[in-house]
1. Counting pairs of alpha carbon atoms under 8 Å apart in space and at least six apart in sequence, what relative contact order in percent does the chain give?
2. Return the sequence-ordered ³J(HN,Hα) values of the range 40-54 in whole Hz as given by the Karplus equation 6.51 cos²θ - 1.76 cosθ + 1.60 applied to θ = phi - 60°, using x for Gly and Pro.
3. Taking each pair of distinct Cα atoms in the chain once, what is the resulting Kirkwood hydrodynamic radius in Å?
4. If we count every other residue with Cβ under 15 angstrom of ALA16's Cβ, Lys/Arg +1 and Asp/Glu -1, where does the sum land?
5. Under a cut-off of 19 Å between alpha-carbon atoms, report the lysines in cross-link reach of LYS109, not counting same-chain residues fewer than 8 places apart.
6. Work out from phi, with θ = phi - 60° and the Karplus expression 6.51 cos²θ - 1.76 cosθ + 1.60, the ³J(HN,Hα) of each residue of the range 96-102, listed in order in whole Hz, and give x for Gly and Pro.
7. Determine which aspartates and glutamates satisfy two conditions relative to LYS92: a Cα distance under 15 Å, and not lying fewer than 8 residues away in the same chain.
8. Tally Lys/Arg at +1 and Asp/Glu at -1 over every other residue whose Cβ is under 12 Å from the Cβ of SER110; what's the total?
Amino acid sequence: MTVKFEKSFESSYPVAKIPVKRTEGGHEIHFNFEGTGFVMKGEAVGKQGKSDYIFKAELYIDGMLTETLLLPAGFNERRNELCWKYDLTKGKHTVQLNILNPDPAAEIKSDEAIILSDHPVDGFITF
């Protein structure tokens, strides 16, 4: 059986993986990039396994609040990725995720972001 081709994100291509940075105490995750979008990889989890905790966070792009997030730590409810934004104007951008209600029994894990642009590159770049 042949499956019909489905293109999800017209003119949006992954071009790099970059590390994200945390402030001391871990209540803020941030990074800078050049492109048209990003996906911040990661998850909210309980430190001792199962957790029903829900983090509240604010996503700032270029200094402007763009979204208030609820990030459940429960396995069945949590997001597959922490946050994302597509279709930004091509150029340099800053991203900041502020965790508003940290909890000693749960954590938000994130090590990298996938950067998107409007043209593919020859190979996927990891910095």
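1. 43
2. In residue order, the calculated couplings are 8, 6, x, 6, 9, 9, x, 5, 10, x, 4, 8, 10, 5, 10 Hz.
3. 15.6
4. Within the 15 Å Cβ shell, the charges total -1.
5. Partners within reach: LYS17, LYS21, LYS41, LYS47, LYS50, LYS56, LYS85.
6. Going residue by residue, I get 9, 10, 9, 8, 7, 9, x Hz, with x marking Gly and Pro.
7. Filter leaves GLU34, ASP62, ASP118.
8. Once positives and negatives cancel, what remains is -1.
Every number in this text was worked out from the coordinates using simple rules, so none of it is lab data. Computed from a predicted model, the values in this text were never measured in an experiment. Here Cβ is always computed from backbone atoms with ideal geometry, including for glycine, and neighbour counts include all displayed protein chains.
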